[in-house]
Amino acid sequence: MAIQYRFSKYNLLVSVSPFFLSPPLDCFPNFSSRSFSAVQFKIIASQMGVNVPRIKLGSQGLEVSKQGLGCLGMSTSYAPRKPEPEMIQLIHHAINSGVTFLDTSDVYGPHTNELLLGKALKGGFREKVQIATKFGVVLKDGKMEVHGEPEYVRAACEASLKRLDVDCIDLYYVHRIDTRVPIEVTVSILQWKRYSATAFGVMLDCIFCD
């Protein structure tokens, strides 16, 4: 029964976030393909007693799990929206398995994915994870707009902090670059004391990542 339970967990991962299913293969020297399933990954990991490795992200000291969990599919895009209690259970399962680098965005849902993470990280889970979220994309009347104005960035960050219900975002970065606004202007708000000290964590050098 316990094995079936673990299987069901990873079948859920298959349907929710396929990007979760490309484990760091240096953990598994006997496997050369990224095509094996999540269930196989679970079996291999449990048999070998493998822990998810940790790596440095950027040059300023942030450490994350080498395996990340992309949360987009929990709220939108890949399939119909999943039941919130199941998604919270999935997030907790990932964290307890050593996957602590969680990726979201304010446009996922929109907004509902950050709200989901905020709920999932209560009860002591926040201290165990590194949160990455993004700004720059706005859905309006069914169309995508890209914004990089400093006032927009500041407002977007404040809103993400509130939805996630956290004091600090470990990695806050540009989802799409607004070509109407010089990138130096877009990131100028990062120099504002509050953001550089708290909301943007220590990952200012990764602001251009996508």
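Some observations on this one:
- Filtering the stretch 57-91 to residues that are surrounded by 15 or more Cβ atoms within 10 Å (Cβ to Cβ), part of a helix (DSSP H, G or I) and not aliphatic (A, V, I, L, M) leaves G73, E84.
- Any hit, the stretch 81-94, residues being among the β-branched types (V, I, T), without any contact (Cβ under 8 Å) to a residue 60 or more places away in the chain and out of contact with any Asp or Glu (no Cβ under 9 Å at 6 or more places or on another chain): yes
- With respect to the conditions (1) modelled with pLDDT of 90 or more; (2) crowded, with 16+ Cβ neighbours inside 10 Å, G201 lacks only one, and its number is (1).
- Residue in the stretch 142-153 that is without any contact (Cβ under 8 Å) to a residue 24 or more places away in the chain, over 14 Å from the mean Cα position of the chain (by Cα) and crowded, with 16+ Cβ neighbours inside 10 Å present: yes
- For D170, the criteria (1) in contact with a helix residue (DSSP H, G or I) (Cβ under 9 Å, 6 or more places away or on another chain); (2) under 20 Å from S65 (Cα atoms); (3) at pLDDT below 95 hold in every case but one, which is (1).
- Output for the stretch 154-165, where each listed residue is within 20 Å of V181 (Cα to Cα) and touching a residue at least 24 places away in the same chain (Cβ under 8 Å): R154, A156, C157
- Candidate set: the stretch 155-165, residues that are crowded, with 17+ Cβ neighbours inside 10 Å and more than 15 Å from the chain's Cα centre (by Cα); chosen: the one farthest from A94 (Cα to Cα): A156
- In the stretch 106-141, of all residues being of a type in the set (D, E, K, R), modelled with pLDDT of 95 or more and in a loop (DSSP other than H, G, I, E, B), the one that is farthest from the chain's Cα centre (by Cα) corresponds to K122.
The values are calculated or read from the model by the stated rules, or taken from the named source; none is laboratory data. Values in this document were obtained by computation on a predicted structure and should not be read as measured data. Neighbour counts run over all protein chains shown; Cβ positions are idealised from the backbone, glycine included.
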